[in-house]
Structure formats: C-alpha cells, structure tokens
Amino acid sequence: MKFDKKLYLVTGGASGIGLATAVFLAESGARVVVSDRNIPSSTLPRGISFLRCDVKEPNDVDQMISQLIEEHGVPDGVVTSAGVDRHHNFLELEDTEFAEILQINVLGSFRIVQRLARIWAKAPRSHADAYSVVLLSSVNSVIATPSHTAYATSKGAVAQMVRVMAVELAPFGIRVNAMAPGTVRTPLLDALEKEKPKALEAVLRRTPMKRVGEPEEIAAGIAFLLSNLASYITGQSLFADGGRTVQNLTLD
C-alpha cells in the first residue's frame, strides 16, 4: 500500500496502536499528524508531526483541527484511536466513571469526525478517491466481558456510529469503517497484567491463535481500510482478534 502525498490525522497517536498506525502510514509515504493529550515519550519518526489535543474537550478539538489545517492542510482521512479502558464491577461502577469513558471513546470520535466531515462535505470526492475514516472499536463491541460495562458499551456505540455515519456521509465521498482488535500488546494490556496476572492466560485460552496481537498488525488493517484498496468498503467493522470472536466453546 502506498499513500504518497496523502495526509492523515491519528488521534491517540502518542503510543500503542495509534503510534504504530502513524508509523505504518509514514513509512508508506503518507504525511501524518498525531494528536494526543500526552506528549510522545520519544522523538517521533520523520514524516510525523504532533498536535496536543484532549478529545473529551470540545474546544481542544476545534483548536487542534484549525491548527492542523492551517499548518498542514485538509487531511485525506482520520484514525480515531484515542480511548480508555477501565475495569469496574457493575455494582460499583459510578456514573462519573461511566460518563468519562463514553466522553472519550464515543464523543471524542464523534467530535473529530464531525468537525472534519463538515469541511470535507464542502469539497466532495468520488468514491474512487474518497476521504476515509477509521474508528477504533474492539471485540468488546460484540462480546460480553465482566467488569467492562462502560468500555464494552462505548465500543458497541462506536460500531453503530460507524454504520450510521457511513450511510449519511457516503454522498460526500466519505467512507467510514471500524477496526476491532482483540487483545493487543499495548500499555493498556501491560497495566492489566500487573493488576490481574492471570487475565491474559484466560484470554489466550479463548483465542485460537494462542497469542496476543501486535500493534503493527492492527496498524496494517487500519491502513488497508484507509487505502483505495478498500474503496467499496464502508460501514463495516474489521475484526483482528486471532479468531477469538468466531470460536465457540468446546468440550476439550
């Protein structure tokens, strides 16, 4: 896949899947701007610029989009990978904790895509060279995991938002899809292993490939959805989960 001269925004791009996606795109010839509320811990590779933005703050989003266009131009697409995952027992989950996760995982993506779509709609493209949007969903959008009420709800909302946006934005030459990873080696997984050492073993027992995914593998899937190779794909969720969501329980 080649993205020569294309410009992409990647939110949540300071680490994990977001950073891996930014690097993949840059190495494939794209110009990339990453945004995050945290400053990257190391120097970003050549071809990647950074803008600070907290997606749960509307003013931050508006300012970042304005700065992006002023300094780099109108992007050809966006990846919204900014998100949080916290574990809460359902009976102990507080309203404020639930709301914060929805603010970041759902409304954060909504704000970013809406602001850009308003700009793109003024200069519609053909479907052969459409603007492309990829939201980060999760296997938790379709499976139920204890202590993940808020997170799973947010990812289910993201998947449905993708479908609605795809229908509504298609007339403007805007494709919208979701990438739905399984368990991936990211800082979130590292934190989970420290909190619950046996959790990863349980996940791998339910994963036919018996391993976690690497951020670079998810980045490759995201890049495909962004590219013109996926020019007839919109409103879909691409699962990269080592077979986890298709495996039924066995008696073994």
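Within segment 168-179, is even one residue within 23 Å of Leu229 (Cα to Cα), of a type in the set (Lys, Arg), surrounded by 22 or more Cβ atoms within 10 Å (Cβ to Cβ) and at pLDDT 95 or above? Break it down stepwise before answering.
In the first step, residues of segment 168-179 are kept if they are within 23 Å of Leu229 (Cα to Cα); the result is 168-179.
Of the ones still in play, those that are also of a type in the set (Lys, Arg) are 175.
From the residues that got through so far, the ones that are surrounded by 22 or more Cβ atoms within 10 Å (Cβ to Cβ) too are 175.
Add one more test, that the residue is at pLDDT 95 or above, and what stays is 175.
The answer is yes; a qualifying residue exists.
The set of residues from segment 20-67 being among the hydroxyl-bearing types (Ser, Thr, Tyr), outside any loop (DSSP other than H, G, I, E, B) and under 26 Å from Glu217 (Cα atoms) comprises Thr21, Ser35, Ser49.
Filter segment 136-152 down to the residues that are in a helix (DSSP H, G or I) and either of a type in the set (A, V, I, L, M, F, W, C) or under 13 Å from Gly83 (Cα atoms) (or both) and list them by number. Give the steps one after another, and end with the answer.
Of the residues in segment 136-152, the ones in a helix (DSSP H, G or I) are 139-141, 149-152.
Of everything in segment 136-152, those that are in a helix (DSSP H, G or I) and either of a type in the set (A, V, I, L, M, F, W, C) or under 13 Å from Gly83 (Cα atoms) (or both) turn out to be Val139, Ala150, Tyr151, Ala152.
Only a single item in (1) surrounded by 14 or more Cβ atoms within 10 Å (Cβ to Cβ); (2) over 16 Å from the mean Cα position of the chain (by Cα) is not met by Ile39, and it is number (1). Looking at Val74, is it part of a loop (DSSP other than H, G, I, E, B) and under 21 Å from Asn38 (Cβ atoms)? Taking the combined requirement at face value, the residue does not satisfy it. Among the helices (runs of 4 or more DSSP H) confined to segment 153-252, the ones with at least 3 residues that are more than 25 Å from His88 (Cα to Cα) are located at 215-226. Within segment 57-92, which residues are at pLDDT below 95 and surrounded by 19 or more Cβ atoms within 10 Å (Cβ to Cβ)? The answer is Ala82, Gly83, Asp85. Being surrounded by 15 or more Cβ atoms within 10 Å (Cβ to Cβ), without any contact (Cβ under 8 Å) to a residue 40 or more places away in the chain, within 22 Å of Gln236 (Cα to Cα) and touching a strand residue (DSSP E or B) at 6+ places or on another chain (Cβ under 6 Å) is the requirement here; does Gly213 meet it? Yes, satisfied.
Among the residues of segment 140-160, those identified as under 10 Å from Ser237 (Cβ atoms) and in contact (Cβ under 8 Å) with a residue 60 or more places away in the chain are Ser141, Val142, Ala159. If you check Val113, Val133 for being in contact with a strand residue (DSSP E or B) (Cβ under 7 Å, 6 or more places away or on another chain), assigned to a strand (DSSP E or B), more than 17 Å from Thr245 (Cβ to Cβ) and of a type in the set (A, V, I, L, M, F, W, C), only one passes: Val133.
Is at least one residue of segment 101-122 touching a helix residue (DSSP H, G or I) at 6+ places or on another chain (Cβ under 7 Å), among the hydroxyl-bearing types (Ser, Thr, Tyr), surrounded by fewer than 24 Cβ atoms within 10 Å (Cβ to Cβ) and in contact (Cβ under 8 Å) with a residue 12 or more places away in the chain? Checked against the condition, which is being touching a helix residue (DSSP H, G or I) at 6+ places or on another chain (Cβ under 7 Å), among the hydroxyl-bearing types (Ser, Thr, Tyr), surrounded by fewer than 24 Cβ atoms within 10 Å (Cβ to Cβ) and in contact (Cβ under 8 Å) with a residue 12 or more places away in the chain, segment 101-122 yields no hits at all. Taken over segment 25-54, residues that are more than 21 Å from Leu189 (Cα to Cα) and modelled with pLDDT of 95 or more amount to 18. Flag: Thr207 matches the condition of being over 23 Å from Val133 (Cβ atoms) and among the hydroxyl-bearing types (Ser, Thr, Tyr).
Any chance you could count how many residues in segment 216-252 are among the acidic types (Asp, Glu) and touching a residue at least 40 places away in the same chain (Cβ under 8 Å)? So that I can check it myself, show each step before the final result.
Here is the first cut: in segment 216-252, the residues among the acidic types (Asp, Glu) are 216-217, 241, 252.
Subsequent filtering for residues that are touching a residue at least 40 places away in the same chain (Cβ under 8 Å) retains 216, 241.
Matching residues across segment 216-252 total 2.
The values are calculated or read from the model by the stated rules, or taken from the named source; none is laboratory data. This one's a predicted model, so the numbers in the text were calculated from it and none came from an experiment. FYI the Cβ positions are ideal-geometry reconstructions off the backbone, even for glycines, and counts take in every protein chain you see.
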